[in-house]
Amino acid sequence: MQILPLSPDHAEVAARLWSESGLTRPWNDPRADFRMAVSGSASAVLGAVVDDAVVGTVMVGHEGHRGWMYYLAVAPSHRGSGLGRRLVEEAERWVETRGIPKVMLMIRAENEAVARFYERLGYVDQGVQVLGRFLDEDLQRLREDTPDR
Ligand SMILES: CC(C)(COP(=O)(O)OP(=O)(O)OC[C@H]1O[C@@H](n2cnc3c(N)ncnc32)[C@H](O)[C@@H]1OP(=O)(O)O)[C@@H](O)C(=O)NCCC(=O)NCCS
């Protein structure tokens, strides 16, 4: 198994993995997220690849101050064998080699159980409240109309 930066060609398989891992939402196009991340110089999607199959991903990027991880997912068939940890460690290395001293991530309220996983890896609550606002009113309305958010 190799962990390496994915290319635009992997957009579809990554989006499928994210969807089956419960990480996608109806108001957001994961393929567009993927393509933007792999085309920017301050971001990447690292993938765990076995025989050309993508079995794990983590999106990583920075804005010059902090590194951020998104879309950490391991295919159900490969969970529980240390791959999630390896992906986080690779993302940490990606951030560190760019001179950024800290890496952060957000956990959705309904996925609170995954906090135990990050705790095992040394992550702790930063005491930060995350606020956000859609700049596109249509997206805001779609989110409000979607029961499972
Ligand atoms: C979270 C996820 C990436 C973990 O991947 P994984 O490959 O199964 O995790 P690992 O095998 O590397 O586990 C690393 C450690 O965390 C522990 N761990 C993993 N999942 C855990 C959980 N849900 N609760 C408590 N501990 C957990 C493991 O026991 C292991 O502990 P150890 O180091 O003492 O042996 C995977 O379950 C997943 O893809 N979930 C769905 C997507 C998701 O929720 N992503 C996070 C979005 S914020």
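Let me confirm something: among ALA53, ALA75, which residue is surrounded by 10 or more Cβ atoms within 10 Å (Cβ to Cβ) and in contact with a Gly (Cβ under 7 Å, 6 or more places away or on another chain)? I'd like the intermediate steps shown before the answer.
Working: ALA53 fails: in contact with a Gly (Cβ under 7 Å, 6 or more places away or on another chain).
On inspection, the qualifying residue turns out to be ALA75.
In the range 127-149, how many residues are within 30 Å of GLY82 (Cα to Cα) and surrounded by 10 or more Cβ atoms within 10 Å (Cβ to Cβ)?
1
Which one of these does SER19 not meet: (1) within 24 Å of PHE134 (Cα to Cα); (2) crowded, with 16+ Cβ neighbours inside 10 Å?
Checking SER19 against (1) within 24 Å of PHE134 (Cα to Cα); (2) crowded, with 16+ Cβ neighbours inside 10 Å, the one that fails is (2).
Tell me, which helices (runs of 4 or more DSSP H) wholly within the range 53-149 include 2 or more residues that are within 15 Å of the ligand (Cβ to nearest atom), over 13 Å from the mean Cα position of the chain (by Cα) and not aromatic (Phe, Trp, Tyr)? Show your work before the answer.
On the way: elements: 83-96, 115-120, 137-145.
Once the helices (runs of 4 or more DSSP H) in the range 53-149 are filtered for at least 2 residues that are within 15 Å of the ligand (Cβ to nearest atom), over 13 Å from the mean Cα position of the chain (by Cα) and not aromatic (Phe, Trp, Tyr), what remains is 83-96, 115-120.
Can you pull out every residue in the range 1-33 that is in a loop (DSSP other than H, G, I, E, B), under 13 Å from VAL54 (Cα atoms) and away from the ligand (no atom under 14 Å from the Cβ)?
Step one: filter the range 1-33 for residues in a loop (DSSP other than H, G, I, E, B), giving 1, 6-7, 21-29.
With the extra rule that they be under 13 Å from VAL54 (Cα atoms), the set shrinks to 1, 6-7.
LEU6, SER7, listed by residue number.
Return yes when ALA44 is of a type outside the set (Val, Ile, Thr) and in a strand (DSSP E or B) and no when it is not. Lay out the reasoning, then the answer.
Working: of a type outside the set (Val, Ile, Thr): yes; in a strand (DSSP E or B): yes.
In short, yes.
Each value in this text was obtained by applying a stated rule to the coordinates, not by laboratory testing. Just so you know, these numbers come straight off a predicted model, no measurement behind them. Ideal geometry is used to build each Cβ from the backbone, glycine not excepted, and the neighbour counts take in all protein chains shown.
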